[in-house]
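Take a look at the structure set out below.
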């Protein structure tokens, strides 16, 4: 509603209309309003517009692999592995390979596998055998259990363990070891009666085992992949 004008006769000889408000004040208000709008627009252009609440910027949780210095760790494995035959080819493919350490581990695995096989410990054999060998050992253990037989193997002496072959093929290293040992094997039936055959008793045996390891994996453990005897080589 507009302001109402009043008339004054006592102070003026003629009637005059006096406005209820000073027009200069309205002009000042308009000027200040324009200045305020210009300041707001100026601040928006400098600081930028951030609608809504003040959101926290999202953090990049991934590492900047290109920006950081990467220190390579020599694991002994090569990305491009050449096929080859012999210890030299194996050392070229696996720089961490040591004959002494390997033979020490192979000798320990030899006794452990024999004991686990006799005890029927499939869980322990699973860590020491390849898939195919595990299936073969498991079938033999299950057959022995079905027949009610028990087997005991004692490794009396391990007189020799030597590497007779080494090769690298399709990123898999294979090392063949000849074990010469004296073992005592006792097989009993479900009544505990000893079963006598050519494989029981105390004998000197020669076993030729091949261990394999996938060089593309970080797992340093070797697994038994093949077994044979000198008689098998003669027949071949």
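The values are calculated or read from the model by the stated rules, or taken from the named source; none is laboratory data. Just so it is clear, the model here is predicted, and its values are computed rather than measured. Cβ coordinates were reconstructed from backbone atoms using ideal geometry, including for glycine residues, and neighbour counts include every protein chain displayed.
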Considering (1) touching a strand residue (DSSP E or B) at 6+ places or on another chain (Cβ under 8 Å); (2) surrounded by 13 or more Cβ atoms within 10 Å (Cβ to Cβ); (3) touching a residue at least 60 places away in the same chain (Cβ under 8 Å), say which one residue 132 fails and leave the rest.
-> (2)
Single residue of 188, 202 found to be modelled with pLDDT of 95 or more, farther than 16 Å from residue 98 by Cα and surrounded by 15 or more Cβ atoms within 10 Å (Cβ to Cβ) = 188
Would you point out the residue of segment 104-116, among those that are out of contact with any helix residue (DSSP H, G or I) (no Cβ under 6 Å at 6 or more places or on another chain) and crowded, with 17+ Cβ neighbours inside 10 Å, that is nearest to residue 188 (Cα to Cα)?
-> 114
Quick one: residue 168 ticks every box in (1) surrounded by fewer than 16 Cβ atoms within 10 Å (Cβ to Cβ); (2) more than 23 Å from residue 126 (Cα to Cα) except a single one, so which number is it?
-> (1)
List the number of the failed condition for residue 158; all other conditions in (1) in contact with a helix residue (DSSP H, G or I) (Cβ under 9 Å, 6 or more places away or on another chain); (2) assigned to a strand (DSSP E or B); (3) buried (at least 16 other Cβ atoms within 10 Å of the Cβ) hold.
-> (3)
Looking only at segment 197-216, decide whether some residue is assigned by TED's automatic domain parsing to the domain that holds residue 118, part of a loop (DSSP other than H, G, I, E, B) and without any contact (Cβ under 8 Å) to a residue 12 or more places away in the chain.
-> yes
Which of the helices (runs of 4 or more DSSP H) contained wholly in segment 19-125 include at least 2 residues that are under 27 Å from residue 213 (Cβ atoms) and either out of contact with any strand residue (DSSP E or B) (no Cβ under 7 Å at 6 or more places or on another chain) or modelled with pLDDT under 90 (or both)?
-> 87-93, 99-119
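Quick one: in segment 217-226, of everything that is assigned to a strand (DSSP E or B) and buried (at least 16 other Cβ atoms within 10 Å of the Cβ), which residue is nearest to the chain's Cα centre (by Cα)?
Kept after step one, since they are assigned to a strand (DSSP E or B), are these residues of segment 217-226: 223-226.
Next cut, buried (at least 16 other Cβ atoms within 10 Å of the Cβ) only: 223-225.
Working: 223: 19, 224: 23, 225: 24 Å.
Among those residues, the one meeting the criterion is 223.
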Which listed residue, of 100, 178, is surrounded by fewer than 18 Cβ atoms within 10 Å (Cβ to Cβ) and free of Cβ contacts under 8 Å to residues at least 12 places away in the same chain = 100
Considering 95, 127, 150, which residue is surrounded by 15 or more Cβ atoms within 10 Å (Cβ to Cβ) and over 19 Å from residue 207 (Cβ atoms)?
-> 150
